[in-house]
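Structure first, commentary second.
Values in this text are rule-based calculations from the coordinates and carry no lab data. Just so you know, these numbers come straight off a predicted model, no measurement behind them. Glycine gets a Cβ as well: all are built from the backbone with ideal geometry, and neighbour counts include every protein chain shown.
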Amino acid sequence: MPKQTFFNLPAHKREHLIEAIKQEFSRAPLYKASISNIVKLADIPRGSFYQYFEDKEDAFYYLLNEQSKAIHQHFFSLLEKNNGDLYTAFIHLFQYTLEEIENKNNIHYLKNAFINLNHEVEDILTKVFSDHSNQDDYQLLYELTDKEKLNLEHEEDFRHIMHIVTAVTFRNFVEKFAHNESIEQAVDHFTREMHLLKKGIFK
């Protein structure tokens, strides 16, 4: 989490620093990224960086959290737009996220994050779909979803469904970037797997 001095910065200076951080983590994964490059891009003294963040990991995870929150909100809006159809919302979000990464150079750090996974990165990114640790967030997701389109025997089944679909979605993101698939290929593979889940895997 950034230090309070970061949040005390004027908005334009804060955005300029964030843009420099985005550029560096889009250029290289976390373990190869350089604070020297960030301060050069931001045109600030190296010591100033440490007034705002503990280290480069602190900056990276803040960036990833903020992007995940933005995608998370888009997921909820897609769910509302599609009348609670979880299946359609997931497919649209998958394609939307890939297109955002491909078309906006300053969020290529998401691609690097998916390719160079660790548990902390995975925890942050899976919260895009449902933050199970946040009861209010989970309750809103449950209320927005059309349960008539799901095979639910108990309310707890919804939590398991979200775990399963999130796992499938997350793995498809990793596969797309690890194998350098086109967006069309990745969406096709994901849609096929979602369709298998929709109609049922076992006879």
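Going by the conditions given, is Ile161 of a type in the set (A, V, I, L, M) and over 18 Å from Tyr87 (Cβ atoms)?
No: the conditions fail for Ile161.
From Glu148, Glu143, Glu153, Glu181, grab the single residue that is of a type in the set (Asp, Glu) and surrounded by 13 or more Cβ atoms within 10 Å (Cβ to Cβ).
Result: Glu181 is the single residue among Glu148, Glu143, Glu153, Glu181 that is of a type in the set (Asp, Glu) and surrounded by 13 or more Cβ atoms within 10 Å (Cβ to Cβ).
Against the conditions (1) farther than 16 Å from Leu197 by Cβ; (2) surrounded by 14 or more Cβ atoms within 10 Å (Cβ to Cβ); (3) over 16 Å from the mean Cα position of the chain (by Cα), where does Lys127 fall short? Just the number, please.
(3)
Could you go through segment 143-160 and let me know if any residue there is without any contact (Cβ under 8 Å) to a residue 60 or more places away in the chain and hydroxyl-bearing (Ser, Thr, Tyr).
So far as segment 143-160 goes, no, none of its residues is without any contact (Cβ under 8 Å) to a residue 60 or more places away in the chain and hydroxyl-bearing (Ser, Thr, Tyr).
In segment 71-177, which helices (runs of 4 or more DSSP H) lie fully inside it and hold 1 or more residues that are closer than 25 Å to Arg27 by Cβ?
Ranges flagged: 86-103, 109-115, 119-126.
Any idea how many residues of segment 10-60 are crowded, with 17+ Cβ neighbours inside 10 Å and either β-branched (Val, Ile, Thr) or outside any helix (DSSP H, G or I) (or both)?
Of the residues in segment 10-60, 8 are crowded, with 17+ Cβ neighbours inside 10 Å and either β-branched (Val, Ile, Thr) or outside any helix (DSSP H, G or I) (or both).
Can you name the number of the only condition in (1) surrounded by 19 or more Cβ atoms within 10 Å (Cβ to Cβ); (2) of a type outside the set (Gly, Ala, Ser); (3) under 18 Å from Leu144 (Cα atoms); (4) touching a His at 6+ places or on another chain (Cβ under 9 Å) that Leu79 fails?
Single failed check for Leu79: (4).
Return only the number of the condition from (1) within 17 Å of Leu79 (Cβ to Cβ); (2) surrounded by fewer than 11 Cβ atoms within 10 Å (Cβ to Cβ) that Asn103 does not satisfy.
(1)
Kindly indicate whether Ser77 is of a type in the set (Ser, Thr, Tyr) and either over 21 Å from Val168 (Cβ atoms) or free of Cβ contacts under 8 Å to residues at least 60 places away in the same chain (or both).
Against the criterion (of a type in the set (Ser, Thr, Tyr) and either over 21 Å from Val168 (Cβ atoms) or free of Cβ contacts under 8 Å to residues at least 60 places away in the same chain (or both)), Ser77 qualifies.
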